[in-house]
């Protein structure tokens, strides 16, 4: 069932530093998780594979991908009602956010895109 959700927290931008998205994602996994990921749903595209693996093994919405960039959700708490899409850069690679939306019409990546556009933040 869908409902209005309100999330507030912080995202850490995991910079690629010349690596591919896959190499960047693998760099945040423990060695045993890398082996599991190598065998995980190889029939779907990489972004979807990373997203589904992270949701299943690391926690819901723990890893987000926007414009091919990888973010770790390092702090997230659910709060209340009414649509809010706010984000600000608080350190070199850390973004603080406040999202509230109807989760049947939006997901966290879309909320991040809306907030970034409103705040004129480019993640690349």
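Identify the residue in segment 58-73 that is in contact with a helix residue (DSSP H, G or I) (Cβ under 7 Å, 6 or more places away or on another chain) and touching a residue at least 40 places away in the same chain (Cβ under 8 Å) and, among all such residues, is surrounded by the most Cβ atoms within 10 Å (Cβ to Cβ).
Going residue by residue through segment 58-73, those that are in contact with a helix residue (DSSP H, G or I) (Cβ under 7 Å, 6 or more places away or on another chain) are 61-66, 68, 70.
Subset that is touching a residue at least 40 places away in the same chain (Cβ under 8 Å): 61, 64-66, 68, 70.
Values: 61: 16, 64: 19, 65: 18, 66: 17, 68: 13, 70: 24.
Looking at the filtered set, the residue picked out is 70.
Could you check residue 89 against (1) surrounded by fewer than 16 Cβ atoms within 10 Å (Cβ to Cβ); (2) closer than 22 Å to residue 4 by Cα; (3) in contact with a strand residue (DSSP E or B) (Cβ under 9 Å, 6 or more places away or on another chain) and say which number it fails?
Status for residue 89: all satisfied but (2).
Identify the residue in segment 18-32 that is surrounded by fewer than 16 Cβ atoms within 10 Å (Cβ to Cβ) and in contact with a helix residue (DSSP H, G or I) (Cβ under 8 Å, 6 or more places away or on another chain) and, among all such residues, is farthest from residue 122 (Cα to Cα).
Step by step, filter segment 18-32, then rank; the result is 22.
Among the residues of segment 33-44 satisfying the criterion of being more than 20 Å from the chain's Cα centre (by Cα) and surrounded by fewer than 13 Cβ atoms within 10 Å (Cβ to Cβ), which is farthest from residue 57 (Cα to Cα)? Outline the logic, then answer.
To start, the set of residues in segment 33-44 that are more than 20 Å from the chain's Cα centre (by Cα) comprises 35-36, 38-39, 42-43.
Restricting the remaining residues to those that are surrounded by fewer than 13 Cβ atoms within 10 Å (Cβ to Cβ) gives 35, 38-39, 42-43.
On the way: 35: 13, 38: 13, 39: 13, 42: 16, 43: 18 Å.
Filtering segment 33-44 for residues that are more than 20 Å from the chain's Cα centre (by Cα) and surrounded by fewer than 13 Cβ atoms within 10 Å (Cβ to Cβ), the one farthest from residue 57 (Cα to Cα) comes out as 43.
For residue 55, which of the numbered conditions (1) under 27 Å from residue 100 (Cα atoms); (2) touching a helix residue (DSSP H, G or I) at 6+ places or on another chain (Cβ under 8 Å); (3) modelled with pLDDT under 85 fails to hold?
With (1) under 27 Å from residue 100 (Cα atoms); (2) touching a helix residue (DSSP H, G or I) at 6+ places or on another chain (Cβ under 8 Å); (3) modelled with pLDDT under 85 applied to residue 55, the lone miss is (2).
Just to be sure, is residue 53 surrounded by 13 or more Cβ atoms within 10 Å (Cβ to Cβ), farther than 20 Å from residue 7 by Cβ, out of contact with any strand residue (DSSP E or B) (no Cβ under 9 Å at 6 or more places or on another chain) and free of Cβ contacts under 8 Å to residues at least 60 places away in the same chain? Before you say what the answer is, go through the steps one by one.
Numbers: surrounded by 13 or more Cβ atoms within 10 Å (Cβ to Cβ): yes; farther than 20 Å from residue 7 by Cβ: yes; out of contact with any strand residue (DSSP E or B) (no Cβ under 9 Å at 6 or more places or on another chain): no; free of Cβ contacts under 8 Å to residues at least 60 places away in the same chain: yes.
Judged against the criteria, residue 53 is not a match.
Take the residues of segment 1-17 that are surrounded by 15 or more Cβ atoms within 10 Å (Cβ to Cβ) and under 14 Å from the mean Cα position of the chain (by Cα): which is nearest to residue 123 (Cα to Cα)?
Looking at the filtered set, the residue picked out is 13.
The values are calculated or read from the model by the stated rules, or taken from the named source; none is laboratory data. Everything numeric in this text was worked out from a predicted model, so none of it was measured. In this analysis, Cβ positions are derived from the backbone assuming ideal geometry, glycine residues included, and neighbour counts consider all displayed protein chains.
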